[in-house]
Amino acid sequence: MKNKTLIFGLIVSVVFSFISCSSDDSDSISAEDQSDDIIQEAFFNATSLVSYEKVDCTLEDGSQGDCYQLVFSSNPVENGPYCPTTIDDVGGLGIYDGATNPGFQVMKASLFNAMEADGYDIVDDNGDIHIDDFNSGATNPDFAYCLEAAPNNNLLLTFLIPATPVLASSNNVIDTVELVGLSLDGVPINGDPPSVVNGPGVPGISGGNIPSLDPCGGHHDPAGYYHWHFVPEVMNQVLEANGIDDVACTLINQVSGSQLIGFAKDGFPIYAYQVEPSDLDECGGITASTTEYPDGVYHYVASTTDAPNVPKCLKGVAAVNSFSFQ
C-alpha cells in the first residue's frame, strides 16, 4: 500500500487526556484551528483517488462542519486467496466463534472439521467446500458456506471525513462490520467480520456461514468492493502473535518504523508501527510527532497482536453518511 510523505509546514495542536470507552466525559481531545487541515490530498494514492473536495457536512452529533469528500475507484489493491476448493487445500483466514476449536485461524481442514463437528454442513461428500460468491444464484439452506463475494471493479466509493476532528461526548465503540475509516488507497477499514454462529445481523439471513479473509485481512463485500478487517501493514506480526505460519501477507508491504496508513472516519490519522507504543489509550491512540505531523497529532495505532487489529473505539464524531458507494 502506498504511503506518500509530504513535507510541509503543518501546525497541529491536539490536547489529549484519557477517558474510558463507557465514559460520558467529553473534554479529552480538542483539535484547534490549524493553518492546514490534518487530511491532505497528497497523502492518497492518485491512481485510485477519483476526486477530492471540501464540502459542507452534518456530523452525527447534529453539528455542522466542513468535511473532505473523497471518491475512490473500488478494489485498488491485489487480494486473495480466500476459500480453499477442497478440505485438503489451504486458503485464507477466518474467525470462527463456534463451540469446537474457535478463534482466528487458517482456512484448512482443522477449521472445516470443527464446523462439521458443530453441525455446519460445509464439506460435501467429495471433500469439496461449499462456497458462496453471492453471484451464482440461491444457496441451499441445508448447507453452510464459505463466503467469497465476487469483486465489482466498477464501483465508486465515497467517504465523508471531518476536515477538523471534533471530540465526541463519549467514545464510539466499533460494532461488527462498522466502518472505522479508509486506507490511503481508498479501501474501507471495518470492524469485526460477521459472526459465524449469529450471522451478519441482517433480517432473513441466519448463521452458519464463515466469511473468508485473505492473508492480509480483507475481502469483498457482497456488493463487490474490497475492504479490510485488519490493518495489513502489520499483518504478519498479528499472524505470528496468533501462532499462524501456514499463510503470510505478501501483497502488502509490512511496516518498517512507522507509517501513515489511512484515516479514521472521525478525521484522526491511523498509523502502523513496527514496534507498537506501550502507552496507548483505550481506543489504541496516542499523541505523538510523526513524519507527516512533526508538531504532534493524536492518531490511532494498529495492534500488532490483536485479531482483528483495528481501533476498538473512536474518539471523534463522524459525518452523517460517512460512506457510500455506487
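Read-outs throughout are calculated quantities, based only on the coordinates presented, and are distinct from any laboratory measurement. The model shown is predicted, which means the values in this text are computed figures rather than measured ones. All Cβ positions, even for glycine, are placed from backbone atoms using ideal geometry, and neighbour counts span all protein chains on display.
Key figures for this structure:
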item	result
Amide H contacts of Tyr271 (H built 1.01 Å from N, under 5 Å, at least 5 apart or other chain)	Ile261, Tyr300, Val301, Ala302
In the chain, lysine pairs closer than 25 Å at Cα, eight or more apart or cross-chain	9
Lys, Arg +1 and Asp, Glu -1 on Cβ, resulting dipole of the chain about Cα centre, debye, nearest 20	580 debye
Per-selection Kirkwood Rh - the chain (Cα, Å, 1 d.p.)	20.4 Å
Inter-site label distance for Asn154 and Asn101 at 7 Å from Cα along Cβ, in nm	4.1 nm
Amide H partners (placed H, <5 Å) of Ala149, local residues excluded	His220
Inter-label distance, nm, simple model (7 Å from Cα along the C-beta direction), Ala46/Asp128	4.8 nm
Debye-sum result for region 68-199 in log10 I(q)/I(0), which assumes one identical scatterer on each alpha carbon, at q = 0.10, 0.22 Å⁻¹	-0.45, -1.37
R0 of 22 Å, Cβ-Cβ distance Ala248-Thr86: FRET efficiency to nearest 0.05	0.55
Contour minus Cα-Cα distance for Asp295 and Ala117 (0.36 nm per residue)	58.6 nm
Note, ³J(HN,Hα) from phi for region 67-76, Karplus 6.51, -1.76, 1.60, rounded to Hz, x at Gly and Pro	10, 8, 9, 10, 10, 10, 6, 7, 6, x
³J(HN,Hα) computed for each position of region 84-100 - Karplus, 6.51 cos²θ - 1.76 cosθ + 1.60, integer Hz, glycine/proline x	x, 6, 10, 5, 8, 8, 10, x, x, 10, x, 10, 9, 10, x, 6, 9
For the chain, with +1 on Lys and Arg beta carbons and -1 on Asp and Glu, the positive-most of Pro211, Gly285, Thr47 along the dipole	Thr47
FRET efficiency, Ala288 to Ser110 (Cβ-Cβ, R0 51 Å, nearest 0.05)	0.80
Helix-only [θ]222 nm of the chain, DSSP H runs n ≥ 4, -39500 (n - 2.57) each, per residue, nearest 500	-1500 deg cm²/dmol
Extended-chain gain in nm, criterion 0.36 nm per residue less alpha-carbon gap, Thr58 and Ser169	38.3 nm
Rounded, prolate or oblate (a/c below 1.5 giving rounded, otherwise prolate when a/b exceeds b/c) for region 159-316 by Cα gyration tensor	oblate
Per-residue ³J(HN,Hα) for region 185-199, Karplus 6.51 cos²θ - 1.76 cosθ + 1.60, θ = phi - 60°, Hz, x for Gly and Pro	7, x, 8, x, 10, 10, x, 3, x, x, 5, 6, 5, 9, x
Relative exposure of Ile210, Ile286, Ile244, Ile38, judged by other C-beta atoms within 10 Å (fewest first)	Ile244, Ile286, Ile38, Ile210
Excluding exposed DSSP-loop GluC sites (Glu not before Pro) (at most 11 other C-beta within 10 Å), longest clean stretch of the chain	79-326
Cα centroid separation - region 73-126 against region 138-205, whole Å	19 Å
Additional length obtainable on full extension of the chain from Asn198 to Thr139, 0.36 nm per residue less Cα span	19.5 nm
